[in-house]
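Student: Got a structure for you, written out below as C-alpha cells; questions coming shortly.
The values are calculated or read from the model by the stated rules, or taken from the named source; none is laboratory data. Since this is a predicted model, take the numbers as computed values, not measurements. No Cβ is skipped: glycine too gets one built from the backbone with ideal geometry, and neighbour counts run over all protein chains shown. The accessibility values were calculated without ligands, DNA or RNA, using every heavy atom of the protein model including side chains. Shrake-Rupley method; radii C 1.70, N 1.55, O 1.52, S 1.80 Å.
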Amino acid sequence: GEQDLLDRFQARIDAGEKIEPNDEMPEAYRKTLIRQMSQHAHSEIVGVYPEANWVTRAPTLRRKLQAMAKIQDEFGHGLYIYSAAETLGVSREEMVGQLLSGKAKYSSVFNYPTLNWADLAVIGWLGDGAAIMNQIPLCRCSYGPYARAMVLVCKEESFHQRQGYEAMVALMNGSPEQKAMGQDAVNRWWWPIMMMFGPHDADSPNTETGVKWKIKNFTNDELRQKFIKATVPQAKLIGIEIPDPDLRFNEETGDWEHGEIDWDEFWSVVKGQGPCNHDRITARRKAHAEGAWVLEAAQAYAAKQAARNAA
Ligand code: 3HC
C-alpha cells in the first residue's frame, strides 16, 4: 500500500540512492520537485531581463562579452532545468504557460530595477554568489536529473560570480564616483538578495519534506548564513560596507547575526507587487509572442523529419 511505498522510498533516500525518472516515487515527491524545478527554471529565464538592457551600455567590449556570455548561460540553465522537470511528467508548454499567465513563482530578486552598470556587477557578485550557495547542494539532491543538471549550472555560475566581483573590484579601485556607484548598488541589492534564500526555516512549509527527501541538503537559514560568511570578507577586501547595522559576528556561535528581513516586502514581491514584476512578465510575454514563429517553424520541421523517417 501507500505506506509501504513511502517506507521503501525513504529507505532508498536514506541510503543516499538517486531517484531516476522511471523509479516509483510518492506523488508528493514528484509534485514538490515539479514545483521547485519549474520555479527554478523560470528564475533563470526571468533573471536575464534585469541584465539584458545593460548589454548595449556595457562600459567596455570585454564587459559586453561577459554580459552576453552570462545571459546565454542563464537561458541555457533555464532550458536544462525545464528539461529535467519534464522527466517528471510535466510539459514545457504547461510550465511556460504558468509563467506567462503570472501564476508561477520565480525568484523575488529579479523584480528589482537595474539602475546602472554597478547593478550588473552586484548581481554577478552577490546574486550569482547566493545562487551558487543554493545550487551547489542541489548537485547532491536525491533526484538524478536535477542533480546532474546542477553540475553544469554550478560550473557556469562560478564564472558569473567571478566576473561580477571583478567588475566590482574595478569600480572600487576607481574614482570616488565609481566607488559611490558600487556602494549604492550594494545598498539597494543587499536585502533583496538576503530574501533570495526564502523565509526563515520556521516559516518554510516545504523545508520538512525537502530535508526528509534530500531535495534540500541545507535549510534556507543555513544557506543564508553560509552566504554571509563568504561575502563579508569579500566586501571588506574592496571597501564595501554591508548595509546592515545589526550585522555582527557572534564569537560563541561562530555565526553572523544580521538585521531582521522585511518579510512584508518579500511576500508582496512574491505575490506580484514588486517594483518590476509587471515589467518582467510583460517582457516575457512579448518575447514569447515575438518568438512564436521560431517555435512553429521548429515544430513544422520536426514534424516533416518525423514523417520522412517514418516513410
Ligand atoms: N522568491 C520567490 N518565491 C520564493 C522565494 C524567493 N526568493 N523563496 C521562497 N519562495 C516561495 C517558495 O517557492 C514557496 O512557495 P511555493 O510553495 O508556492 O513554491 C514559499 O515561498 C515558501 O518557501 P519555502 O522555503 O517553503 O520553499 P522551498 O523549500 O522551495 O525553498 C528555495 C525556496 C530555497 C528558493 C528553493 O525552492 C530552491 O532551492 N529552489 C531552487 C533554486 C532557486 O530557485 N534559486 C533561486 C533563483 S536561481 C538564480 O538565481 C539564477 C542565477 O543564475 C542568478
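Student: Within the range 56-86, how many residues are surrounded by fewer than 18 Cβ atoms within 10 Å (Cβ to Cβ) and away from the ligand (no atom under 16 Å from the Cβ)?
Tutor: Residues that pass the stated criteria total 9.
Student: Continuing with the same structure: Do we have any residue at all in the range 110-120 that's assigned to a helix (DSSP H, G or I) and more than 25 Å from F159 (Cα to Cα)?
Tutor: Checked the range 110-120: no residue is assigned to a helix (DSSP H, G or I) and more than 25 Å from F159 (Cα to Cα).
Student: Let me ask something else about it. Could you list, in sequence order, the residues of the range 212-223 that are touching a residue at least 60 places away in the same chain (Cβ under 8 Å) and either near the ligand (Cβ under 9 Å from one of its atoms) or crowded, with 16+ Cβ neighbours inside 10 Å (or both)?
Tutor: W213, K214, I215, K216, N217, F218, L223
Student: Any idea which residue in the range 18-74 is farthest from E94 (Cα to Cα), counting only those that are hydrophobic (A, V, I, L, M, F, W, C) and part of a loop (DSSP other than H, G, I, E, B)?
Tutor: A58
Student: Counting only residues that are surrounded by 13 or more Cβ atoms within 10 Å (Cβ to Cβ) and not in a helix (DSSP H, G or I), which one in the range 260-272 is nearest to the ligand (Cβ to nearest atom)?
Tutor: I261
Student: Working only within the range 17-60, note down all residues that are without any contact (Cβ under 8 Å) to a residue 12 or more places away in the chain and either within 21 Å of P113 (Cα to Cα) or of a type outside the set (D, E, K, R) (or both).
Tutor: Hits for the range 17-60 are N22, T56, T60.
Student: Could I ask something else about it? Restricting attention to the range 178-211, and to residues there that are β-branched (V, I, T) and buried (at least 18 other Cβ atoms within 10 Å of the Cβ), which single residue is farthest from the ligand (Cβ to nearest atom)?
Tutor: Among those residues, the one meeting the criterion is V186.
Student: Here is a list: I242, I215, I228. Which entry is in a loop (DSSP other than H, G, I, E, B), in contact with a Leu (Cβ under 8 Å, 6 or more places away or on another chain) and among the β-branched types (V, I, T)?
Tutor: None of the other options fit; the residue is I215.
Student: Could you count how many residues in the range 231-259 are open to solvent by 40 Å² or more (accessible area, probe 1.4 Å) and in contact (Cβ under 8 Å) with a residue 60 or more places away in the chain?
Tutor: Selection size over the range 231-259: 3.
Student: Show the residue pairs that are 6+ apart or on different chains and have beta-carbon atoms under 7 Å apart, the first residue being within the range 179-203 and farther than 23 Å from A167 by Cβ, the second being open to solvent by 50 Å² or more (accessible area, probe 1.4 Å) and part of a helix (DSSP H, G or I).
Tutor: What qualifies is F197/N134.
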